[in-house]
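Throughout, read-outs are computed from the coordinates displayed, never taken from laboratory work. The shown structure was predicted, so the numbers you read here are calculated from the model rather than taken from an experiment. Here the Cβ positions follow ideal geometry from the backbone for every residue, glycine too, while neighbour counts run over all protein chains shown.
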Amino acid sequence: MSAVERATLIYTTFPSPAEAKRIGAELVRNKLAACVNILAPMTAIYEWEGTLEEAEETPMLIKTRAGLKARVIAEVERLHSYDTPAVLVLDVTEGSDRFLRWIAAQTEAGAPVDAD
């Protein structure tokens, strides 16, 4: 599998399960993600504009190809309600060959492959 076809996980969070489901479905429907995992709400503690904040957030893992990561990030940022959403790319170095091929097949029709 080429570097551009390599599987990639993208981690992000949302203010609600409903927003996570809406955006996750959009990513899968548009073949930008093979699958998204929406996890149980969690508590986030962070500083924002000089104030310590605490909020409930819904984390998501997005399973896609490295060649689509720029498109996925742009789409999450476009659809997200936060001004500065957390979006982190986690490169996958290995995994089940069958599962990695499935991710590639599910996202094949997504978008042109970017240079890595």
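Under 10 °C and 1.306 mPa s, how fast does segment 48-116 diffuse according to Stokes-Einstein, given a Kirkwood radius computed over C-alpha pairs? Answer in µm²/s, whole number.
In µm²/s, the coefficient rounds to 111.
Using θ = phi - 60° and the Karplus curve 6.51 cos²θ - 1.76 cosθ + 1.60, what whole-Hz ³J(HN,Hα) does each residue of segment 40-48 get, with Gly and Pro shown as x?
4, x, 9, 9, 10, 10, 7, 9, 9
Using the alpha-carbon atoms, what tilt in degrees (0 to 90, nearest 10) does helix 97-107 show relative to the longest principal axis of the chain?
The angle comes out at about 80 degrees.
Please name which of Y11, S96, T43 has its Cα lying farthest along the dipole of segment 7-107 towards the positive end, using unit charges on Cβ (Lys, Arg +1; Asp, Glu -1) and the Cα centre as origin.
S96
Report the Rg/Rh value for the chain, based on alpha-carbon coordinates and the Kirkwood definition of Rh.
1.00
Would you mind checking the tilt of helix 17-29 against the longest principal axis of the Cα atoms of the chain, expressed as 0 to 90 degrees and rounded to 10?
Helix 17-29 and the main axis of the chain meet at about 20 degrees.
Counting only residues 5 or more places away or on other chains, whose amide H sits under 5 Å from the amide H of S16 once H atoms are built in the peptide plane?
T58
Sum -39500 (n - 2.57) across every DSSP H segment of at least 4 residues in the chain, then divide by the residue count to get the 222 nm mean residue ellipticity, nearest 500.
One gets -9500 deg cm²/dmol as the mean residue ellipticity at 222 nm.
Any chance you could check the Cα centroid distance between segment 18-53 and segment 84-106 for me, in angstrom?
Here the two parts' Cα centres lie 16 Å apart.
Using a simple charge model, +1 on the beta-carbon of Lys and Arg, -1 on the beta-carbon of Asp and Glu, nothing else, what dipole does the chain show about its Cα centre, in debye to the nearest 20?
The dipole magnitude comes to about 760 debye.
Take each of the peptides 57-65, 43-51, average the number of other beta-carbon atoms within 10 Å over its residues, and list them starting from the highest.
The most tightly packed comes first, giving 57-65, 43-51.
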